[in-house]
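What follows is a set of notes on a single structure, which appears directly below.
The values are calculated or read from the model by the stated rules, or taken from the named source; none is laboratory data. Keep in mind that this is a model prediction, so the values were computed, not measured. Cβ placement follows ideal geometry from the backbone for every residue including glycine, while neighbour counts extend to all protein chains displayed.
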Amino acid sequence: MKNQKKLIILTGPSGVGKGTVVKEILCKEKNFWLSISATTREPREGEKDGENYYFLNQEKFKEMIEQNLFLEWAQFAGNYYGTPLSSVNEKIKKGFTVLLEIEVEGARQIKNKFPNSQSIFLLPPDKEELERRIRNRGTEKEEAIKKRLSRANYEISASNEFDFALTNHNVDETAKKIIKLIKT
Ligand SMILES: Nc1nc2c(ncn2[C@@H]2O[C@H](COP(=O)(O)OP(=O)(O)O)[C@@H](O)[C@H]2O)c(=O)[nH]1
Ligand SMILES: Nc1ncnc2c1ncn2[C@@H]1O[C@H](COP(=O)(O)OP(=O)(O)O)[C@@H](O)[C@H]1O
């Protein structure tokens, strides 16, 4: 992968608004492409295989790890998540700016492998707002919410490891700021 500047990492705690902001960015920028990750977590209502994620069982996920088919992978809140290598390579070759919406461990792996990639950490306005956003989203059971919130402290404390840290107050403004960072 030569043009690593076209590889953008968007990270930050669960519920901060990564997915929402990425959607807004993709609406505004037609030359950007969001990598579709593989995961062992159960699909949420309305999520489609091959669209939101590739939903795999653990056996298949581990097989892919052994075959070196992931650019990075990590465990998060009891499940595996990973970025499939081949589609990212293909899109970069075609000239797309590739976005990876991933948690902190995977973000570190990408930073180490591709020093020219750009990394952006999204922060919540405060902890109470983060919890409100996760709860109001209404997609998780209490146990999964607790796991995500307890992980959030650790993730937020890693925010200074990344190239930029932005507070996600407003979706449209955050999307615009990220596009500007990527393009300058
Ligand atoms: N390392 C890594 N993390 C991922 C990947 N795909 C998604 N994630 C992250 O895994 C975490 C959990 O994702 P998800 O279960 O969809 O929950 P949500 O963040 O609460 O919407 C989030 O921080 C995602 O950004 C991936 O391919 N690799
Ligand atoms: N700037 C914002 N202000 C208020 N609510 C937001 C904002 N960004 C995202 N949200 C809401 O917060 C919840 C979590 O957002 P989501 O994009 O799923 O987060 P993540 O992908 O980081 O887990 C969603 O219900 C979303 O609509």
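In summary, Ala74 fulfils each of the numbered conditions (1) under 21 Å from Thr139 (Cβ atoms); (2) out of contact with any Gly (no Cβ under 6 Å at 6 or more places or on another chain); (3) modelled with pLDDT of 95 or more with the single exception of condition (2).
All told, Leu10 meets the bar of being among the aliphatic types (A, V, I, L, M), within 12 Å of ligand 1 (Cβ to nearest atom) and in contact with a Lys or Arg (Cβ under 6 Å, 6 or more places away or on another chain).
In the stretch 52-95, the qualifying residues are those that are outside any strand (DSSP E or B) and in contact (Cβ under 8 Å) with a residue 60 or more places away in the chain, and the one that is farthest from ligand 1 (Cβ to nearest atom) is Gly95. Give the stretch 96-112 a look and list any residue that's more than 11 Å from ligand 1 (Cβ to nearest atom), of a type outside the set (A, V, I, L, M) and in contact with a Ser or Thr (Cβ under 8 Å, 6 or more places away or on another chain), or say none. Across the stretch 96-112, the qualifying residue is only Lys111.
Here is the figure for the stretch 131-151: residues that are near ligand 2 (Cβ under 10 Å from one of its atoms) and under 17 Å from Ile102 (Cα atoms) total 2. Taking the conditions (1) touching a residue at least 60 places away in the same chain (Cβ under 8 Å); (2) over 24 Å from Lys147 (Cα atoms); (3) within 16 Å of ligand 2 (Cβ to nearest atom) in turn, Lys23 satisfies each one other than (1).
Of all residues assigned to the stretch 17-29, none qualifies as being within 10 Å of ligand 1 (Cβ to nearest atom), over 25 Å from Leu123 (Cα atoms) and modelled with pLDDT of 95 or more. Scanning the stretch 134-143 for residues being within 11 Å of ligand 1 (Cβ to nearest atom) and touching a helix residue (DSSP H, G or I) at 6+ places or on another chain (Cβ under 9 Å) gives a total of 2.
Out of the residues in the stretch 161-175 meeting the condition of being in contact (Cβ under 8 Å) with a residue 24 or more places away in the chain and assigned to a helix (DSSP H, G or I), tell me which one is nearest to Leu100 (Cα to Cα). Result: Ala175.
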